Amino acid sequence: MNKMFQQFLTQQALNLIGKQLGFKNGIPPQLVALATQILMSGMARNVQQPGGAQALFEALNKDHADNNILGRLKDFIPNAATEGKGEGILGHVLGDKLDSIVDIFAQATGLPKDKAKQLLIIVAPIALAYLANRMRKMHLSQQEVANDVRDHYYRPGTQEVQEDGGIMEALLKGSRDQQTMTSAVDIFKKLILR
């Protein structure tokens, strides 16, 4: 997602996100990168499930292709909680593991749990708008979108996550189990620092 940050998540955007979370200064880009990685990894896992590729393709075409979020981030970010449907996106992408994943994300980043969830809510529509934009520019078919998401976001670059088969697999193995949660927090911290 480095390209996304370079193109769209400028320092101004990071400052706006930080302000929404109640910070004086901008939020570190590594935290936004990790939030994005969580969402993309969740989508990458979902497209490998029956009907998942079609559901993502339809959502990108119907809900995210024409909203121009990327072109108006300075207006969108302050209203993301109400305008962006981020909570619904999180529920769809992360399902019944949402609370557990928010817990792990909060522990890894040091954010309070409510702010960790708020960050995911802000980032979710931006990530989907980015995917919709990429899909249109590259004229990707449903299967090509699924392949693109799976190939780029299923296996982030740490050995631990690669061995687990993806960041979501590491979390979904039992994120209520303390040992698994500790391991997932460690993975998240490594992703922040890389």
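Tabulated data for the structure shown
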item	result
Test: residue in the stretch 57-80 that is out of contact with any His (no Cβ under 8 Å at 6 or more places or on another chain), over 24 Å from residue 11 (Cα atoms) and not in a helix (DSSP H, G or I)	yes
Qualifying residue in the stretch 113-121 (condition: of a type outside the set (Lys, Arg), under 21 Å from residue 81 (Cβ atoms), without any contact (Cβ under 8 Å) to a residue 24 or more places away in the chain and not in a helix (DSSP H, G or I))	no
Every residue from the stretch 71-93 that is surrounded by fewer than 17 Cβ atoms within 10 Å (Cβ to Cβ) and among the aliphatic types (A, V, I, L, M)	81
Of residues in the stretch 94-112 being surrounded by fewer than 21 Cβ atoms within 10 Å (Cβ to Cβ) and free of Cβ contacts under 8 Å to residues at least 60 places away in the same chain, the one nearest to residue 52 (Cα to Cα)	95
Single residue of the stretch 13-47 satisfying the filter (in a loop (DSSP other than H, G, I, E, B) and of a type in the set (Val, Ile, Thr)) that is farthest from residue 132 (Cα to Cα)	27
Residue in the stretch 122-140 that is surrounded by the fewest Cβ atoms within 10 Å (Cβ to Cβ), counting only those that are more than 12 Å from the chain's Cα centre (by Cα) and touching a residue at least 40 places away in the same chain (Cβ under 8 Å)	136
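Bear in mind that the values in this text are calculations on the coordinates, not laboratory data. No experiment lies behind these values; they were computed from the predicted model shown. Because the Cβ atoms are built from the backbone with ideal geometry, glycine has one as well, and the counts that use them run over all protein chains shown.
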